[in-house]
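First the structure, in the form of structure tokens, and then the observations on it.
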Amino acid sequence: MKLIVLVVFCAIAYVSAQAELEPEDYIPSRFRRQERGSIVIKGTKEGRNRPSLDIDYKQRVYDKNGMTGDAYGGVNIRPGQPTRQRAGFEFGKEYKNGFIRGQSEVQRGPGGRLSPYVGINGGFRF
């Protein structure tokens, strides 16, 4: 407990000493806050296919004027098969009456070869 009080006291003394050293016309620079990424877990089961589980880390890299871009990387897990690493990029653009979305991905396939995937879709609202 004494250690915590000592650390807090030293931090307050340091900050107050730094405040006295700054000139009056000092304008601190502003930095955009870094957005945190997210962990996405998705399970799928289609027809007679084996179920699969995707675990990805997704990070927003572009967000301006209704257009977004997300980079992601993770693994695909299927029972009885080795896990497959993957990485990709998703993008999208929202319009007043619709949207366009796309995705590109590279996944390690059987035998260690890379298998690419590219897809695009869109919609119209009325």
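For VAL15, the test of being modelled with pLDDT of 90 or more and among the hydrophobic types (A, V, I, L, M, F, W, C) is failed.
Every residue, every condition in (1) more than 16 Å from the chain's Cα centre (by Cα); (2) modelled with pLDDT of 85 or more; (3) among the β-branched types (Val, Ile, Thr), yes or no:
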| site | (1), (2), (3) |
| --- | --- |
| ARG33 | no, no, no |
| THR44 | yes, yes, yes |
| ASP54 | no, yes, no |
| LYS58 | no, yes, no |
| PHE89 | no, yes, no |
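The lone criterion from (1) touching a Ser or Thr at 6+ places or on another chain (Cβ under 9 Å); (2) in a strand (DSSP E or B); (3) in contact (Cβ under 8 Å) with a residue 24 or more places away in the chain left unmet by PRO79 is number (2). When GLN103 is tested against (1) out of contact with any Lys or Arg (no Cβ under 6 Å at 6 or more places or on another chain); (2) modelled with pLDDT under 90, just one condition goes unmet, and that condition is (2). Scanning region 43-66 for residues being open to solvent by 80 Å² or more (accessible area, probe 1.4 Å), outside any loop (DSSP other than H, G, I, E, B) and either within 19 Å of SER115 (Cβ to Cβ) or touching a Phe, Trp or Tyr at 6+ places or on another chain (Cβ under 7 Å) (or both) gives a total of 1.
For (1) more than 16 Å from VAL40 (Cβ to Cβ); (2) of a type in the set (Lys, Arg), each residue gets a yes or a no:
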residue	(1), (2)
THR68	no, no
ILE77	no, no
PRO82	yes, no
GLU90	no, no
LYS93	yes, yes
GLN107	no, no
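Among the residues of region 65-76, the one identified as at pLDDT below 90 and farther than 20 Å from ASN121 by Cα is ASN76.
Looking across region 86-118, the residues that are small (Gly, Ala, Ser) and either open to solvent by less than 80 Å² (accessible area, probe 1.4 Å) or part of a strand (DSSP E or B) (or both) come down to ALA87, GLY88, GLY92, GLY98, GLY102, SER104, GLY109, GLY112, SER115.
Yes or no, residue by residue, for (1) surrounded by 10 or more Cβ atoms within 10 Å (Cβ to Cβ); (2) basic (Lys, Arg); (3) over 20 Å from ILE120 (Cβ atoms); (4) at pLDDT below 60:
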{"residue": "VAL5", "(1), (2), (3), (4)": "no, no, yes, yes"}
{"residue": "ALA19", "(1), (2), (3), (4)": "no, no, yes, yes"}
{"residue": "ARG30", "(1), (2), (3), (4)": "no, yes, yes, no"}
{"residue": "ARG84", "(1), (2), (3), (4)": "yes, yes, yes, no"}
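The values are calculated or read from the model by the stated rules, or taken from the named source; none is laboratory data. Only a predicted model underlies this, so the values are computations on that prediction, with no experimental measurement involved. Using ideal geometry, Cβ is built from the backbone for each residue, glycine included, and neighbour counts are taken over all protein chains shown. Heads up: the accessible areas ignore ligands, DNA and RNA and are worked out on the full protein's heavy atoms, side chains in. Shrake-Rupley method; radii C 1.70, N 1.55, O 1.52, S 1.80 Å.
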